Amino acid sequence: MKRLILATMMLLAALTAGAKEDWKGKVVDAKGEPVPYANVAVLSRADSSVVCGAVTQDDGTFNIVTNETDGIMMVVMMGYQTQYMTPVDGMVITLLEDTQLLEGAAVSAVMPKTKLTGEGIQTNVRGSVLEHLGDANDVLSKTPGIVKGQNGIEVIGKGTPLIYINGHKVTDSSELQRLQSNEIQSIEVITNPGAQYDATVRSVVRIKTIRRQGDGFGFNLNLSDAQSLRRADFNDQSAHVNLNYRTGGVDIFTSVEYNKNNILQISDGEKRTSSSPVFLDKATIDAEALARSIGGSSGINWQIADDHFIGGKVEWGRNLSLKEQTLITDLVSRDGVVVDNIKTLTKDTFGDVAPYNIGTNLYYNGTVGGKLNIDFNADYFTNVSTTVSSSDETSDMTHDAKVSTSSDSRNKMYATKLVLSYPILAGQFQIGTEETFSRRTDKYTLTGITVPASDASVKEDNIAGFASYAFYLPKFGQMSAGVRYEHVNYVYEDALSHQNDIKRSYGNWFPTVSYANAFGPVQLLLNYSTKIQRPGFSNLSSAIRYNSRYLWQSGNAALQPQIMHDVSLTALWKFVTIGATYSHVDKAIVTWASPYNDEGVMLVKPRNLDEPFRSLSAFVNLTPTIGPLSLNYTFVAQPQWLTINAPDSSQPSGVRKTSFNDKPLFIGQLFNTLSLKGGWQLELGGVVYSRGYNQNMYLTNVYFDLSAAIQKTLLKDGSLVLRLEGKDLAGMGHNDVATDFGDYKVWQTNIMNTQLVKFSVRYIFNAAQSKYRGTGAGSDSKNRM
């Protein structure tokens, strides 16, 4: 791989040999804002063929070195009118919006403009109603192509995205809380990430902030207090402060955050075996927890020359306290006769070391010879998680018991990533490598019950190489293609039971292809990609986790990664966005339950499906504006095709076909925003999930999260924002589930701490967004840790 990179650099250097012209310039829009990723090409006057080209940087600048001394310069960017001119060194080129593509977008000055890029959907936030919604999370939940899931934002049909802010990867979710909506210039939802991204990344969100100039000190402060409507004693608090000092080419930043969170779960469940003897367990779960944590980051960015940046940062987090208590009751019958009525009270706290995590990033980003861009990142990450649990079991019919468990998990990761970019003809060529080395130890012990302990270690090395090429031609459109190869060595060892040891080595190719073009007022984007999802490291531990006498949990060291093939099509016309993604998944990872013994104990663990899992996600997003009222409506349909040969010992063949096909899931998001004079804004919206299948689970109730907010912006520059909002006001924001595991059928209802009234204060003083350009490496391993 090193030889390949060296050979490529020599080839790129050779292409510049003998250059006679060196044209530098900048591309901006009608407001004077830089236009990144625009295609700048030099055409021959003789036959209009493309001689050479470049792609503008984040700040809109470009540099073309060529032998052509009398060419024509062409600037192309989807959504803008193509510009032609005689090249002059130092020129500033202004692109005007393509009125045909954006026809109808000027119904109201507050309507967000959306357009397709070569990779996804870009929505302009600045100058639209989205500019005043609150923080970045509020904006993302109302961005075309994204829905608000129960575990955060999701790109439709692609799951949880990787998020970047001004090119640096978000590794701390509080960054989105600290970033205010009025600081955001645009959001791009990438539905087909290129080969430079880890093969596990199915979607990416790029947030670009408004460029603010000037040196000096700045800070922003965010305070919030959320009161639960279910429990009067549940009060969540958070505080975030960001400090930034900029002088010349040096940018120093630091941030600190504090969070206090209450967690609640109230559930009723029932599980029944299919074979004889038939065990029926009617259970209740009443769990609550109070957790406090602190974290932050510090770093420096240094612009050592016009096109050369270096920097580094440290991110850290620590759990301050945990108070968790779970009460589980089980009424167990065997062949219709009650055999046990037991209560299990479990208390959890930290072990000898309070959980913490530390991450570092060092980077260099620069341009050599005016064309060759080098982006290098080196990352280190470590975290420790320790837990001690004590369970007191009280039975009316059998025996009482006391069970104690302790777990100690430690992770380390080292990663590097190098990306070289070079303009060739009318496009951009990229080549690079990424290396990730992960280590994990996992110790788990139990007393009071005969269950084997575990002392496991995991070693995983991932070596990847990738290349891609993207170009834009006015009559043809924008095309990009890339391929990534990843070779993984995986070793699992258990010092207490070597019979579970696993050694595995595998390599995979991951192609990606995208095509985008405008056909009259309609913009189209077609994508294909192959991706992979590797199991989380905790899911690879074979240690049995004790929940109660009749419910145990475990990982699965034999888990294989799942491979996904995605085809998606997106169309945009005026304020209407329509999209669909078809996915074919092999070796899909699902949660599975099976009998552990003949005493009614259920063991829950992940497994790979032998059968393929196929799904279709189709959506339409409407963003019309009527005077001061802005509407943002998204409707999603998700049918799926999955039939499993489930193990069932009651059947002569030992298996039974279980179908999860005939009940598609429907999702609706309806957000209404009323902008009034004096800085007032009113919001009313809701998210609805129908009953339907989600992989091998069936959602048995209608999920409905009703939200409302009132916001007031103060001070002349809008730097002070007061916001009062309510979440899950109807009390229906929860999911009840049922499934058929073959040997087991399970039903469960769930109530969580989702009903909240939240008040927040945000203040910005002399805000200056960090210039940090580190993009990070080893993102997949960090997420799995």
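The values are calculated or read from the model by the stated rules, or taken from the named source; none is laboratory data. Predicted, not measured: the structure shown is a model, and the values here were computed from it. So basically every Cβ, Gly included, is an ideal-geometry build from the backbone, and we count neighbours across all protein chains shown. For the accessible areas, the whole protein counts, side chains as well, though only heavy atoms, and no ligand, DNA or RNA atoms are used. Shrake-Rupley method; radii C 1.70, N 1.55, O 1.52, S 1.80 Å.
Here are the numbers for the structure shown:
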read-out: Unmet criterion (only one of (1) in a loop (DSSP other than H, G, I, E, B); (2) of a type in the set (S, T, Y); (3) open to solvent by less than 50 Å² (accessible area, probe 1.4 Å)) for S615; value: (1)
read-out: Condition met for G299 (more than 25 Å from S395 (Cβ to Cβ), touching a Gly at 6+ places or on another chain (Cβ under 7 Å) and modelled with pLDDT under 95); value: yes
read-out: Residues being in contact (Cβ under 8 Å) with a residue 12 or more places away in the chain and open to solvent by 60 Å² or more (accessible area, probe 1.4 Å) - total across region 516-538; value: 4
read-out: Criterion (modelled with pLDDT of 95 or more and closer than 20 Å to G692 by Cα) met by exactly one of H584, H565; value: H584
read-out: Flag for S297 being under 30 Å from T658 (Cβ atoms), among the small types (G, A, S) and assigned to a strand (DSSP E or B); value: no
read-out: Filter result for A415 (open to solvent by less than 10 Å² (accessible area, probe 1.4 Å), on the phi < 0 side of the Ramachandran plot and either basic (K, R) or under 22 Å from the mean Cα position of the chain (by Cα) (or both)); value: yes
read-out: Conditions (1) closer than 22 Å to T143 by Cβ; (2) among the charged types (D, E, K, R); (3) at pLDDT below 90; (4) part of a strand (DSSP E or B); number of the one not met by R246; value: (1)
read-out: Count - residues of region 610-640 that are within 24 Å of the chain's Cα centre (by Cα) and of a type in the set (A, V, I, L, M); value: 6
read-out: Residue within region 298-309 that is out of contact with any Lys or Arg (no Cβ under 6 Å at 6 or more places or on another chain), under 27 Å from A378 (Cα atoms) and free of Cβ contacts under 8 Å to residues at least 24 places away in the same chain present; value: yes
read-out: Lone qualifier among V147, V170 - being modelled with pLDDT under 85, farther than 28 Å from L616 by Cβ, open to solvent by less than 30 Å² (accessible area, probe 1.4 Å) and not hydroxyl-bearing (S, T, Y); value: V170
read-out: Members of region 388-409 found to be surrounded by fewer than 18 Cβ atoms within 10 Å (Cβ to Cβ) and either assigned to a strand (DSSP E or B) or free of Cβ contacts under 8 Å to residues at least 40 places away in the same chain (or both), listed by number; value: V388, S390, D392, T394, S395, H399, D400, A401, K402, S404, S406
read-out: Given (1) surrounded by fewer than 20 Cβ atoms within 10 Å (Cβ to Cβ); (2) at negative phi; (3) in contact (Cβ under 8 Å) with a residue 60 or more places away in the chain, index of the condition I710 fails; value: (3)
read-out: Residue in region 45-79 that is modelled with the highest pLDDT, counting only those that are open to solvent by less than 20 Å² (accessible area, probe 1.4 Å) and among the small types (G, A, S); value: G60
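Conditions (1) crowded, with 17+ Cβ neighbours inside 10 Å; (2) closer than 18 Å to L418 by Cα; (3) touching a helix residue (DSSP H, G or I) at 6+ places or on another chain (Cβ under 6 Å); (4) polar (S, T, N, Q), marked per residue:
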{"position": "E435", "(1), (2), (3), (4)": "yes, yes, no, no"}
{"position": "I449", "(1), (2), (3), (4)": "no, no, no, no"}
{"position": "P452", "(1), (2), (3), (4)": "no, no, no, no"}
{"position": "A464", "(1), (2), (3), (4)": "yes, yes, no, no"}
{"position": "S468", "(1), (2), (3), (4)": "yes, yes, no, yes"}
{"position": "F471", "(1), (2), (3), (4)": "yes, no, no, no"}
{"position": "P474", "(1), (2), (3), (4)": "no, no, no, no"}
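One line per residue, one yes/no per condition, for (1) under 25 Å from S173 (Cα atoms); (2) of a type in the set (S, T, Y):
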{"site": "Q303", "(1), (2)": "no, no"}
{"site": "G312", "(1), (2)": "yes, no"}
{"site": "N365", "(1), (2)": "yes, no"}
{"site": "T398", "(1), (2)": "no, yes"}
{"site": "S404", "(1), (2)": "no, yes"}
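Here is a yes/no grid of residues against (1) closer than 30 Å to W23 by Cα; (2) outside any loop (DSSP other than H, G, I, E, B):
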site	(1), (2)
G317	no, yes
L327	no, yes
T367	yes, yes
G370	yes, no
M413	no, yes
